[in-house]
1. Looking at H165, is it open to solvent by less than 40 Å² (accessible area, probe 1.4 Å), of a type outside the set (S, T, Y) and within 19 Å of L91 (Cβ to Cβ)?
2. Among what's in segment 242-256 and is open to solvent by 20 Å² or more (accessible area, probe 1.4 Å) and either modelled with pLDDT of 95 or more or hydrophobic (A, V, I, L, M, F, W, C) (or both), pick the residue that is farthest from D14 (Cα to Cα).
3. Take segment 139-159 and flag every residue that is under 29 Å from A277 (Cα atoms) and surrounded by 15 or more Cβ atoms within 10 Å (Cβ to Cβ).
4. Would you check which residues across segment 257-280 are buried (at least 21 other Cβ atoms within 10 Å of the Cβ), part of a helix (DSSP H, G or I) and in contact with a Gly (Cβ under 6 Å, 6 or more places away or on another chain) and list them?
5. Which pairs turn up if I take residues in segment 328-347 that are within 21 Å of L181 (Cα to Cα) and in contact (Cβ under 8 Å) with a residue 24 or more places away in the chain and look for partners that are open to solvent by 40 Å² or more (accessible area, probe 1.4 Å) and among the aliphatic types (A, V, I, L, M) with beta carbon separation below 9 Å, at least 6 apart in sequence or on another chain?
6. Please determine, by comparing only the residues of segment 213-257 that are of a type in the set (S, T, N, Q) and touching a helix residue (DSSP H, G or I) at 6+ places or on another chain (Cβ under 7 Å), which one is nearest to V168 (Cα to Cα).
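The values are calculated or read from the model by the stated rules, or taken from the named source; none is laboratory data. Remember, it's a predicted structure, so these values are computed and weren't measured experimentally. Ideal geometry is used to build each Cβ from the backbone, glycine not excepted, and the neighbour counts take in all protein chains shown. Please note that ligands, DNA and RNA were not included when accessible areas were found on the heavy atoms of the full protein model with its side chains. Shrake-Rupley method; radii C 1.70, N 1.55, O 1.52, S 1.80 Å.
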Amino acid sequence: MRVCVGTIVHHPEDARIAHRQIRALLDAGHQVTYVAPFTDCNVTPPPEIRAVDVPRAVGMRRAKALRAARAALSRGCRDADLLLVHDIELLLALPRRRPVTVWDVHEDTRGLLEAEAPLPGPLRPVLPRLIDTLERRAERRLHLMLAEESFRDRFPGGHPVVPDHTYVPSAPPPPPGDDRLVHVGRLSRARGAAELIELARRLRPYRIRLDLIGPADPGVRPLLRDAQREGLLDWFGHVPNTHALRMAEGALAGLSLPHDVPAFRNTTPTKVVEYMARGLPVITTPLPGAASLVLGTGCGTVVPFPAEGAESTVDATVRAVLALRDDPEGRTAMGARGHAEARRRFHWPVRAAEFVAQLERWAQAPDRVTARPRGRALPA
């Protein structure tokens, strides 16, 4: 099977796209054309794929990327059996002639916009309606794949769910240490960037440092740079997922401190599962999925959301970190329980086979519109 994979929003080394889905396709013997912003992200494409470079869509400047994406997807689809797109923006750039098309729904686009990207006045009433329209049309005209069970509330059509599981080492990772915390993944205000910086400041007298591994939204980059110059933390920016998780090994704990916003409320952050897979105790705010997993497994601690109750997120996290530091046997046991549960329930190769098989079924028995969009986006 020949598959064209496309993104103009995500980093070309996005863990779900590159390290899980594309890797699963290649391991199954399929050919992959990957349309992605390689140059803009300073990424050299791997030799086993056919790469098509496009500009990255950033902020409000997306028209150039969309025009380039339409042409790039047309080239990538010429000999493809299936087109797999990862951005809602690409629903506006689908080529006129295309194979069976799948939209992999990673996130709650509307919820993230409301939580993290305040819109200019004229766009406030328009963009949410456009997102709703694109989602409804996509569900009628394309195959959908969902990253979370909770997305079924938005897309009730019985679509398959491919969760963001991870590669879990078969051997137990190194035991947690006592002088370093990690946060893996995107940094933004809604994902707890301010709390992480304050936590690093509060833990400095205890000689416990904080490693932040992941890209940051524009609004928090100056804060992170200032904190790094002050010596409070180390911010590494984007690191490919496999390397990021190796860097995380041996830390005292993995942090996940998102705020209580609708876009996150019914999701379990992938980083929680990744920390478990690498034998790290988890400290998380009480998103229902994350709290249930951490408390049910006994692999970490749940701290309050910001501005919730008498104890702040930072106060509770400092207390949890110091308790772990002073209890080497307890933190080692937490890490071991998390690793065992992750290996049992969240090892990606188990899901990889299901993912590939689903794409193969869709490519072999197309039953959706595969061509002829005449307007700006999907067929009406």
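1. Working: open to solvent by less than 40 Å² (accessible area, probe 1.4 Å): yes; of a type outside the set (S, T, Y): yes; within 19 Å of L91 (Cβ to Cβ): no.
Taking the combined requirement at face value, the residue does not satisfy it.
2. Restricting to residues being open to solvent by 20 Å² or more (accessible area, probe 1.4 Å) and either modelled with pLDDT of 95 or more or hydrophobic (A, V, I, L, M, F, W, C) (or both), the top hit is G250.
3. L144, M145, L146, A147, E148, S150, F151, H159
4. Of everything in segment 257-280, those that are buried (at least 21 other Cβ atoms within 10 Å of the Cβ), part of a helix (DSSP H, G or I) and in contact with a Gly (Cβ under 6 Å, 6 or more places away or on another chain) turn out to be K271, Y275, M276.
5. Close Cβ pairs (under 9 Å, with a partner that is open to solvent by 40 Å² or more (accessible area, probe 1.4 Å) and among the aliphatic types (A, V, I, L, M)) amount to R331/A323.
6. Step by step, filter segment 213-257, then rank; the result is T242.
Here's the yes/no breakdown for (1) in a helix (DSSP H, G or I); (2) within 25 Å of L287 (Cβ to Cβ); (3) open to solvent by 40 Å² or more (accessible area, probe 1.4 Å):
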| position | (1), (2), (3) |
| --- | --- |
| A171 | no, no, yes |
| P175 | no, no, yes |
| E195 | yes, yes, no |
| G219 | yes, yes, yes |
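Residues checked against (1) farther than 19 Å from A291 by Cβ; (2) open to solvent by 20 Å² or more (accessible area, probe 1.4 Å):
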| position | (1), (2) |
| --- | --- |
| A320 | no, no |
| P328 | yes, yes |
| A336 | yes, yes |
| E341 | no, yes |
| R345 | no, yes |
| W348 | yes, no |
| F355 | yes, no |
| A363 | yes, yes |
